[in-house]
Amino acid sequence: MRIGILGTSDIACRRFLPALKKCANLTYAGVASRTPEKGKPFQEQYGGQIYDGYDALLADESIGAVYVPLPPALHCQWAKKALEAGKHVLLEKPFATSPEQTETLLTLAEEKNLAVHENYMFLYHRQLALIKRYIESGELGQLRLLRMAFGFPKREGNDFRYNRELGGGALLDCGGYPVRLAQELLGGSARVTQGRLVEPEGYEVDLYGSAVLENNEGLCAQVSFGMDNAYQCQLEVWGSKATLIAPRIFTAGADLAPRLILRGAGGETVTDVEPDDQFLHSIERFMQSVEDENVRKQMRQAIRRQSQAVDAIRQGGERKCE
């Protein structure tokens, strides 16, 4: 299958295309831009065609899938057009900016029997599988609390993340990561019980925030995020016997060996996890959903629950994500 890119974002050139080169059953067709000149670095490094606008790429019947790394406010519009054109869609997070937009896209994808995928890459890194094995083994004892945080220093003022019209805000950007991880570890009964967003004077979006999610067993996840913060990218799993810390849970690049730190009564043990290409594995998961109807259903449900959780935090909490 051939895949095209809508837009010339940095993540498409720096992360998506290097991973795509390693993918066995998906090949690069080209990039679309409203300013074709911006497509030249893509063509020089990776070949492919430069399409004169997004509609031109979607009209190419040889393309079976599209990757959409546009600002969040444009996701629904262009993902909808891609689905209507019969293309499978890999969307950068967040999938959409509201539950209503999310349902529009999920319903259309189901009607057309097409795959949609929200690109939370960290879910596919081997360190998360290892963390789950630690939890299941009982080595941590009974779980008492989950803490997860993702934040970074303030970026340039013209960054789309600080623009309301483009779908900016900390919750939609970095907040989605710990929210998605909390749901992964809490399981299907996860619900948002508290949510708080802070929009300082002079800004039009939330710059930081926090939330609490709980499951039916009473396990609680404390989530924090921000884009005017000291950098943090950590998961802490606190048990009755030991605590497990993953300091690079969300952003482990393909060449990085992330560390897992186990602290208990016997001292501290550090495990270096083998490097892994989480972007590649996310693309591979997307292709599984293209090929398998059951995977497509699972992905739609995960996307729906994430959208509901984010909206519940926006509304202040207390909602189950179904």
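Every number in this text was worked out from the coordinates using simple rules, so none of it is lab data. Computed from a predicted structure; not experimentally measured. No Cβ is skipped: glycine too gets one built from the backbone with ideal geometry, and neighbour counts run over all protein chains shown.
From the C-alpha gyration tensor of the stretch 154-201, pull out the three semi-axes of the equivalent ellipsoid (sqrt of 5λ each), sorted largest to smallest, in whole Å. Don't jump to the answer; show the numbers that get you there.
On the way: eigenvalues 138, 29, 14 Å².
Taking √(5λ) for each eigenvalue gives 26, 12, 8 Å, largest first.
To check my understanding: the extent here is largest minus smallest coordinate of the Cα atoms along each principal axis. What are those three numbers for the stretch 252-322, in Å, largest first?
Each principal axis gives a Cα extent; for the stretch 252-322 these are 41, 37, 19 Å.
Extension gain VAL198-TYR231, at 0.36 nm per residue separation less the Cα-Cα distance, in nm?
On the way: separation 33, 0.36 × 33 = 11.88 nm, distance 1.77 nm.
Fully extending the segment from VAL198 to TYR231 adds 10.1 nm.
Using the Cα atoms of the stretch 2-119, I'd like the radius of gyration and the largest Cα-Cα distance, Dmax, both in angstrom.
Looking at the stretch 2-119, its Cα Rg and Dmax stand at 13.3, 39 Å.
Work out Dmax and Rg for the stretch 44-83 from the C-alpha atoms and quote the Rg first, both in angstrom.
Cα-based Rg and Dmax for the stretch 44-83 come out at 11.0, 30 Å.
Kirkwood Rh over alpha-carbon pairs of the stretch 117-235, then Stokes-Einstein at 10 °C and 1.306 mPa s: what D in µm² s⁻¹, rounded to an integer? Please report the intermediate quantities before stating the final value.
Working: Rh = 15.3 Å.
Here the translational diffusion coefficient equals 104 µm²/s.
Can you give me the angle between helix 293-315 and the longest principal axis of the chain, using Cα atoms only, in degrees from 0 to 90, rounded to the nearest 10?
For helix 293-315, the angle is close to 70 degrees.
Using 0.36 nm per residue, how much length does the chain from ALA129 to THR27 gain when fully extended, once their Cα-Cα distance is taken away? Mind dumping the intermediate values first?
On the way: separation 102, 0.36 × 102 = 36.72 nm, distance 2.78 nm.
Length gained, ALA129 through THR27: 33.9 nm.
What is the local net charge at VAL89, summed over the other residues whose Cβ is closer than 11 Å to its Cβ (Lys, Arg +1; Asp, Glu -1)?
Values: positive: LYS80, LYS81, LYS87, LYS112; negative: GLU84, GLU92, GLU118.
Local net charge: +1.
Using Cα atoms only, what is the angle between the long axis of helix 75-84 and the major principal axis of the chain, expressed in degrees (0 to 90) to the nearest 10?
60
Using the alpha carbons of the stretch 54-184, what is the convex hull volume per residue in cubic angstrom, as a whole number? Please report the intermediate quantities before stating the final value.
Details: hull volume 19.6 nm³, N = 131.
Dividing the Cα hull volume of the stretch 54-184 by its residues yields 150 Å³.
Structure shown: which of LYS22/LYS87; LYS80/LYS297; LYS21/LYS93; LYS154/LYS297; LYS154/LYS241 lie over 26 Å apart, alpha-carbon to alpha-carbon? Show your work: numbers first, answer last.
Details: LYS22/LYS87 21 Å; LYS80/LYS297 18 Å; LYS21/LYS93 21 Å; LYS154/LYS297 37 Å; LYS154/LYS241 38 Å.
Going by Cα-Cα distance, LYS154/LYS297; LYS154/LYS241 fall outside the 26 Å limit.
Direction-averaged shadow area of the convex hull around the Cα atoms of the stretch 186-322, nm²? Before the final figure, lay out each step's value.
Working: hull surface 44.1 nm².
Directional mean of the projected Cα hull area for the stretch 186-322 stands at 11.0 nm².
How far is helix 278-291 tilted, in degrees, relative to the longest principal axis of the Cα atoms in the chain, given as a value from 0 to 90 rounded to the nearest 10?
60
For the stretch 168-245, treating each Cα as an identical point scatterer without solvent, what Debye log10 I(q)/I(0) comes out at q = 0.19, 0.20, 0.21 1/Å?
Normalising to I(0) and taking log10 leaves -0.83, -0.89, -0.96.
Mind putting a number on the dipole of the stretch 122-320 about its Cα centre? Charges go on the C-beta only, +1 for Lys and Arg and -1 for Asp and Glu, and I need it in Debye to the nearest 20.
Values: 25 positive and 27 negative charges, 121 e Å.
That gives a dipole near 580 debye.
Hey, got the Cα dimensions of the chain along the principal axes, in Å, largest first?
Taking max minus min along each principal axis of the Cα atoms, the chain gives 61, 43, 39 Å.
How large is the helix-only mean residue ellipticity at 222 nm for the chain, computed as the sum of -39500 (n - 2.57) over DSSP H runs with n ≥ 4, divided by its residue count, in deg cm²/dmol to the nearest 500? Display every interim value, and only then the final one.
Working: 9 runs with 100 residues, N = 322.
Mean residue ellipticity at 222 nm (helix-derived): -9500 deg cm²/dmol.
In nm, give the distance between the simple-model label positions of LEU145 and GLU291, each being 7 Å from the Cα along the Cα-to-Cβ direction.
Here the modelled spin labels are 4.4 nm apart.
Give, as ranges by residue number, the residues of the stretch 123-166 whose backbone N falls under 11 Å from the point 7 Å along Cα→Cβ of THR271.
Within reach of a label on THR271, which here means backbone N under 11 Å from a point 7 Å along Cα→Cβ, the stretch 123-166 contributes 127-140.
Assuming 0.36 nm per residue, please report the length gained on full extension of the stretch ARG34 to LYS154 beyond their Cα-Cα distance.
Numbers: separation 120, 0.36 × 120 = 43.20 nm, distance 2.80 nm.
Gain on stretching ARG34 to LYS154: 40.4 nm.
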